[in-house]
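Colleague: Quick one: the structure is below, and I'll ask about it shortly.
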(Lines give C-alpha, C1' and ligand atoms only; values in the text may rest on other atoms or scores of the structure.)
Protein backbone atom coordinates (compact mmCIF):
# COMPACT_ATOMS: atom_id res chain seq x y z
CA UNK A 1 0.00 0.00 0.00
CA UNK A 2 1.44 3.39 -0.91
CA UNK A 3 1.82 5.98 1.85
CA UNK A 4 -0.96 8.36 0.76
CA UNK A 5 -3.49 5.54 0.34
CA UNK A 6 -2.53 4.30 3.81
CA UNK A 7 -3.07 7.75 5.30
CA UNK A 8 -6.45 8.43 3.74
CA UNK A 9 -7.90 4.92 4.01
CA UNK A 10 -7.07 4.14 7.66
CA UNK A 11 -10.20 3.48 9.64
CA UNK A 12 -11.16 2.35 13.14
CA UNK A 13 -13.11 -0.87 12.61
CA UNK A 14 -16.07 -1.84 14.74
CA UNK A 15 -14.83 -5.39 15.26
CA UNK A 16 -11.38 -6.89 15.58
CA UNK A 17 -10.39 -10.54 15.67
CA UNK A 18 -7.38 -12.82 15.27
CA UNK A 19 -4.84 -13.07 13.85
CA UNK A 20 -2.78 -10.40 15.50
CA UNK A 21 0.54 -9.15 14.14
CA UNK A 22 3.58 -11.34 14.77
CA UNK A 23 6.41 -10.15 17.01
CA UNK A 24 8.43 -9.16 13.93
CA UNK A 25 5.48 -7.20 12.55
CA UNK A 26 4.99 -5.48 15.91
CA UNK A 27 8.70 -4.65 16.07
CA UNK A 28 8.22 -2.79 12.78
CA UNK A 29 5.12 -1.08 14.20
CA UNK A 30 7.06 0.09 17.26
CA UNK A 31 9.96 1.29 15.08
CA UNK A 32 7.43 3.43 13.20
CA UNK A 33 5.98 4.69 16.49
CA UNK A 34 9.37 5.73 17.77
CA UNK A 35 9.87 7.97 14.72
CA UNK A 36 7.19 10.35 16.05
CA UNK A 37 8.26 13.97 16.57
CA UNK A 38 10.12 14.24 19.86
CA UNK A 39 11.48 17.62 20.98
CA UNK A 40 14.86 17.30 22.73
CA UNK A 41 14.98 13.56 21.96
CA UNK A 42 13.33 12.73 25.29
CA UNK A 43 11.86 9.44 24.02
CA UNK A 44 8.70 9.80 26.18
CA UNK A 45 6.60 7.04 24.60
CA UNK A 46 6.16 3.70 26.31
CA UNK A 47 3.87 0.82 25.40
CA UNK A 48 2.48 -2.17 27.22
CA UNK A 49 1.45 -4.86 24.73
CA UNK A 50 -1.29 -7.06 26.15
CA UNK A 51 -2.38 -10.39 24.60
CA UNK A 52 -3.54 -13.84 25.72
CA UNK A 53 -3.70 -14.20 29.51
CA UNK A 54 -2.52 -10.61 29.77
CA UNK A 55 -6.04 -9.59 28.69
CA UNK A 56 -7.35 -11.36 31.80
CA UNK A 57 -4.89 -9.40 33.97
CA UNK A 58 -5.93 -6.12 32.32
CA UNK A 59 -9.59 -7.03 32.81
CA UNK A 60 -8.91 -7.65 36.51
CA UNK A 61 -7.17 -4.26 36.83
CA UNK A 62 -10.02 -2.45 35.04
CA UNK A 63 -12.51 -4.22 37.33
CA UNK A 64 -10.55 -3.40 40.48
CA UNK A 65 -10.24 0.24 39.44
CA UNK A 66 -13.93 0.57 38.61
CA UNK A 67 -15.03 -1.06 41.89
CA UNK A 68 -12.69 0.94 44.12
CA UNK A 69 -12.29 4.24 42.33
CA UNK A 70 -15.47 5.03 40.39
CA UNK A 71 -18.11 6.42 42.68
CA UNK A 72 -21.54 4.79 42.32
CA UNK A 73 -20.43 2.42 39.57
CA UNK A 74 -23.40 0.38 38.34
CA UNK A 75 -23.26 -3.37 37.65
CA UNK A 76 -23.66 -2.61 33.94
CA UNK A 77 -20.72 -0.17 34.01
CA UNK A 78 -18.65 -2.64 36.01
CA UNK A 79 -19.27 -5.35 33.40
CA UNK A 80 -18.36 -2.89 30.63
CA UNK A 81 -14.98 -2.12 32.23
CA UNK A 82 -14.34 -5.80 32.96
CA UNK A 83 -15.07 -6.84 29.37
CA UNK A 84 -13.27 -3.91 27.70
CA UNK A 85 -9.94 -5.69 27.12
CA UNK A 86 -11.71 -8.44 25.20
CA UNK A 87 -12.87 -6.10 22.42
CA UNK A 88 -9.77 -7.16 20.52
CA UNK A 89 -7.11 -9.87 20.73
CA UNK A 90 -4.41 -7.28 21.52
CA UNK A 91 -4.41 -4.08 23.56
CA UNK A 92 -1.56 -1.60 23.55
CA UNK A 93 -1.49 0.72 26.54
CA UNK A 94 -0.18 4.11 25.40
CA UNK A 95 2.01 5.69 28.06
CA UNK A 96 4.08 8.86 28.27
CA UNK A 97 7.02 8.96 30.67
CA UNK A 98 7.07 12.62 31.64
CA UNK A 99 10.50 14.21 32.02
CA UNK A 100 11.09 17.51 33.73
CA UNK A 101 12.58 19.60 30.94
CA UNK A 102 12.90 23.40 30.71
CA UNK A 103 11.97 23.53 27.01
CA UNK A 104 9.57 20.60 26.60
CA UNK A 105 6.35 20.85 28.63
CA UNK A 106 4.40 17.80 29.76
CA UNK A 107 1.69 18.32 27.12
CA UNK A 108 4.26 18.29 24.32
CA UNK A 109 5.61 14.98 25.59
CA UNK A 110 2.08 13.52 25.61
CA UNK A 111 1.52 14.85 22.09
CA UNK A 112 4.63 12.97 21.01
CA UNK A 113 3.06 9.76 22.31
CA UNK A 114 -0.17 10.68 20.51
CA UNK A 115 1.82 11.01 17.28
CA UNK A 116 3.39 7.63 18.04
CA UNK A 117 -0.11 6.17 18.45
CA UNK A 118 -1.11 7.45 15.02
CA UNK A 119 2.04 5.91 13.58
CA UNK A 120 1.12 2.60 15.22
CA UNK A 121 -2.34 2.73 13.64
CA UNK A 122 -0.88 3.54 10.22
CA UNK A 123 1.82 0.83 10.46
CA UNK A 124 -0.85 -1.71 11.44
CA UNK A 125 -3.05 -0.63 8.53
CA UNK A 126 -0.13 -0.92 6.11
CA UNK A 127 0.19 -4.57 7.18
CA UNK A 128 -3.58 -5.28 6.83
CA UNK A 129 -4.29 -5.10 10.55
CA UNK A 130 -6.26 -2.41 12.32
CA UNK A 131 -6.68 -0.64 15.60
CA UNK A 132 -8.98 1.69 17.44
CA UNK A 133 -7.98 4.22 20.10
CA UNK A 134 -9.99 4.47 23.32
CA UNK A 135 -9.60 6.74 26.33
CA UNK A 136 -12.41 7.35 28.85
CA UNK A 137 -12.04 7.06 32.62
CA UNK A 138 -9.21 4.55 32.26
CA UNK A 139 -6.86 7.10 30.64
CA UNK A 140 -5.34 10.31 32.01
CA UNK A 141 -5.80 8.78 35.40
CA UNK A 142 -3.15 8.54 38.13
CA UNK A 143 -4.90 5.62 39.84
CA UNK A 144 -4.64 3.48 36.67
CA UNK A 145 -0.95 4.40 36.56
CA UNK A 146 -0.67 2.82 40.02
CA UNK A 147 -2.73 -0.23 39.04
CA UNK A 148 -0.37 -0.80 36.10
CA UNK A 149 2.57 -0.57 38.55
CA UNK A 150 4.08 2.46 36.82
CA UNK A 151 5.88 5.27 38.58
CA UNK A 152 4.17 8.61 39.14
CA UNK A 153 6.05 10.25 36.24
CA UNK A 154 3.97 8.21 33.78
CA UNK A 155 0.68 9.20 32.15
CA UNK A 156 -1.67 6.82 30.32
CA UNK A 157 -2.98 8.58 27.22
CA UNK A 158 -5.14 5.75 25.92
CA UNK A 159 -5.53 2.18 24.79
CA UNK A 160 -5.21 0.85 21.26
CA UNK A 161 -7.33 -2.21 20.53
CA UNK A 162 -5.58 -4.20 17.78
CA UNK A 163 -6.39 -7.11 15.52
CA UNK A 164 -7.65 -8.10 12.10
CA UNK A 165 -10.67 -6.09 10.99
CA UNK A 166 -13.84 -8.09 10.53
CA UNK A 167 -17.46 -7.35 9.77
CA UNK A 168 -18.70 -4.15 8.23
CA UNK A 169 -16.25 -1.31 8.09
CA UNK A 170 -17.38 2.19 8.94
CA UNK A 171 -17.80 4.40 5.92
CA UNK A 172 -15.11 7.05 5.63
CA UNK A 173 -16.99 10.30 5.05
CA UNK A 174 -16.04 12.69 2.31
CA UNK A 175 -14.94 15.89 4.00
CA UNK A 176 -14.99 19.35 2.50
CA UNK A 177 -11.40 20.40 3.05
CA UNK A 178 -12.37 24.08 2.81
CA UNK A 179 -14.30 23.77 6.11
CA UNK A 180 -11.10 22.83 7.91
CA UNK A 181 -8.38 24.79 6.16
CA UNK A 182 -7.76 28.52 6.13
CA UNK A 183 -5.28 29.59 3.51
CA UNK A 184 -3.23 32.76 3.81
CA UNK A 185 -1.83 33.92 0.48
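The values are calculated or read from the model by the stated rules, or taken from the named source; none is laboratory data. Keep in mind the model is a prediction, meaning the values are calculated, not measured. Positions of Cβ are generated from backbone atoms using ideal geometry, with glycine treated the same way; all protein chains shown enter the neighbour counts.
Colleague: Restricting to the range 74-89, count the residues that are buried (at least 18 other Cβ atoms within 10 Å of the Cβ), out of contact with any strand residue (DSSP E or B) (no Cβ under 6 Å at 6 or more places or on another chain) and outside any helix (DSSP H, G or I).
Modeller: Counting residues in the range 74-89 that are buried (at least 18 other Cβ atoms within 10 Å of the Cβ), out of contact with any strand residue (DSSP E or B) (no Cβ under 6 Å at 6 or more places or on another chain) and outside any helix (DSSP H, G or I) gives 0.
Colleague: I would also like to ask the following. What tally of residues in the range 112-142 results from selecting those that are under 19 Å from residue 46 (Cβ atoms), at pLDDT 95 or above and not in a helix (DSSP H, G or I)?
Modeller: Matching residues across the range 112-142 total 6.
Colleague: Among the residues of the range 33-62, write down those that are buried (at least 18 other Cβ atoms within 10 Å of the Cβ) and over 18 Å from residue 88 (Cβ atoms).
Modeller: Of everything in the range 33-62, those that are buried (at least 18 other Cβ atoms within 10 Å of the Cβ) and over 18 Å from residue 88 (Cβ atoms) turn out to be 36, 38, 44, 45.
Colleague: Next question, about the same structure. Do we find that residue 160 is assigned to a loop (DSSP other than H, G, I, E, B), at pLDDT 95 or above and touching a strand residue (DSSP E or B) at 6+ places or on another chain (Cβ under 8 Å) in this structure?
Modeller: So residue 160 fails the test.
Colleague: Moving on to the next point. So which residues in the range 1-27 are touching a residue at least 40 places away in the same chain (Cβ under 8 Å), assigned to a helix (DSSP H, G or I) and within 19 Å of residue 93 (Cβ to Cβ)?
Modeller: Scanning the range 1-27 gives a single hit, 25.
Colleague: Still on this model: Give the residue that is farthest from residue 61 (Cα to Cα), with candidates limited to residues of the range 126-157 that are out of contact with any strand residue (DSSP E or B) (no Cβ under 8 Å at 6 or more places or on another chain) and surrounded by 17 or more Cβ atoms within 10 Å (Cβ to Cβ).
Modeller: Across the range 126-157, the extreme among qualifying residues is 126.
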